[in-house]
Structures are given as C-alpha cells and as structure tokens.
Amino acid sequence: SYVANQAMAFAKLGVTNASYAQAFDIATNVIGMSNVEAAAQMRSLQSVADSTGLTLSKVVSDFVTNAPDLSRYGDRASDSFAKLQANASATGVGVGKLSKAMIGLAGFDEANKAAQMFNSVFARTGVVMSTTSVMLAKPGEKLDYMIGKFRELNLDLSDSGVQYQIDAIASSIDG
C-alpha cells in the first residue's frame, strides 16, 4: 500500500516506524484527516524538513509533540504547523513555545504584554507593534505579523541577540 511504502521511505530518512505511525494516527484521529489526507500531510512534513533544513525525524517529532495545540487549527493544522516550523527554524525559538505563545495571544492582556515588550526594546526604531493587530489576527497570522515586525527592523533573525528578544517575548506569553 502507499502508506506502507511511504513509511519505508521515511524510515530510510531516519524516521522510525513508530514515529511515522504516531504522526499518521494524529493526522487521522486527532486532526480528523482521511487516510489520503494523512498521507499528504506526511508528504507535507517532508517538504517542511526540506525547506527548513531540519531532519525529517525532527519535523515529525515536533509535529507529534505539538499535536494537541495543532488540533485546535482543524483543517488548517498542516499549514499552521508548516508556518510554525519555518518560523521556529528562522528564529531559533522552539515550535512548542511559538505555538503556545500564539494561542496565548488571543486575549488583550497577553497581546498587550507582547506588544509592550517589543515596543520597549525597539522604541527608537520607529517600528511599532500594535496590540489590536496582534489580538485580532487569526491564529496563523499572529506569528506572521510579529515576525514581520522583526523583519521591518532589517534584523538577522538568526542573530543570537534577536533570537533572545523573540524568545523573551514568546516566554512572557507562554508563561
């Protein structure tokens, strides 16, 4: 079957059969995908690994670990995970921390805290983060908005000082 062949191909790339089965099970039973959609999800994980330079094993592991948070995105879970993984790779902040931070940004207090932290650090630059924009953005857009603000500063997201600031903001939201 296609799934068995895909599992063997993933094994050649360092993903254990148990990890593959767990990720496939999450796609079907937690997120609610059909077997065909779950197989496509697994291909999507391979694309995420290729585009971020991470090992497929790491991407599958992150997907499995963050499944409870991803399930709240429903049919957007795959796209949300891909965005989280790409931004985690670019910023050096873990997928789990970014995911929990984005969920935490739903309320005014958390969005305001994140915006105030950003604005206090980068006040002299003229780049301002809006509490309202953070709070009202859809879950998948919150991270794009915040990372976009860092990019407006023309900062290298791989710089350890920038990663520290992003991590501090995510930590303040995640608790």
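The values are calculated or read from the model by the stated rules, or taken from the named source; none is laboratory data. Predicted model only: the values in this text are computed from it and were never measured. Glycine gets a Cβ as well: all are built from the backbone with ideal geometry, and neighbour counts include every protein chain shown. Heavy atoms of the whole protein, side chains included, go into the accessibility calculation; ligands, DNA and RNA do not. Shrake-Rupley method; radii C 1.70, N 1.55, O 1.52, S 1.80 Å.
Here are the numbers for this structure:
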{"read-out": "Choice from ASN154, ASN35, ASN87 with maximal GNM fluctuation in the chain (Cα, 10 Å cutoff)", "value": "ASN154"}
{"read-out": "Nearest 10 degrees, 0 to 90: helix 139-152 Cα axis against the chain principal axis", "value": "50"}
{"read-out": "Per-q log10 I(q)/I(0), segment 18-80, q = 0.17, 0.25, 0.30 Å⁻¹ (Debye; single scatterer per alpha-carbon; no solvent)", "value": "-0.48, -1.08, -1.48"}
{"read-out": "Out-of-range pairs (alpha-carbon distance over 20 Å; input LYS83/LYS113; LYS12/LYS97; LYS58/LYS142; LYS58/LYS138; LYS100/LYS142; LYS83/LYS149)", "value": "LYS83/LYS113; LYS12/LYS97; LYS58/LYS142; LYS58/LYS138"}
{"read-out": "Cβ-placed point charges (K, R +1; D, E -1), dipole of the chain about Cα centre in debye, nearest 20", "value": "60"}
{"read-out": "Calculated FRET value between GLU37 and ALA106, using beta carbons and R₀ = 41 Å, to 0.05", "value": "0.95"}
{"read-out": "Protein accessible area in the chain, 1.4 Å probe - carbon and sulfur %", "value": "52"}
{"read-out": "Distance in nm between pseudo-label sites at VAL30 and VAL3 (7 Å out along the Cβ direction from Cα)", "value": "1.7"}
{"read-out": "Principal-axis tilt of helix 108-122 within the chain, Cα atoms, nearest 10 degrees", "value": "70"}
{"read-out": "Rg/Rh ratio calculated on Cα atoms of segment 123-165 (Kirkwood radius)", "value": "0.99"}
{"read-out": "Most to least packed among 118-126, 36-44 [average Cβ atoms within 10 Å]", "value": "36-44, 118-126"}
{"read-out": "Viscosity 0.692 mPa s, temperature 37 °C, Stokes-Einstein D of the chain from Kirkwood C-alpha radius, µm²/s", "value": "195"}
{"read-out": "Using alpha-carbon coordinates, inclination of helix 160-174 to the longest axis of the chain, degrees", "value": "80"}
{"read-out": "GNM top mover of SER34, SER19, SER130 - the chain, alpha-carbon springs below 10 Å", "value": "SER34"}
{"read-out": "Part-to-part distance (alpha-carbon centres) for segment 74-146 and segment 20-61, which is given in Å", "value": "23"}
{"read-out": "Surface per residue (accessible, 1.4 Å probe) for segment 1-145, Å²", "value": "49"}
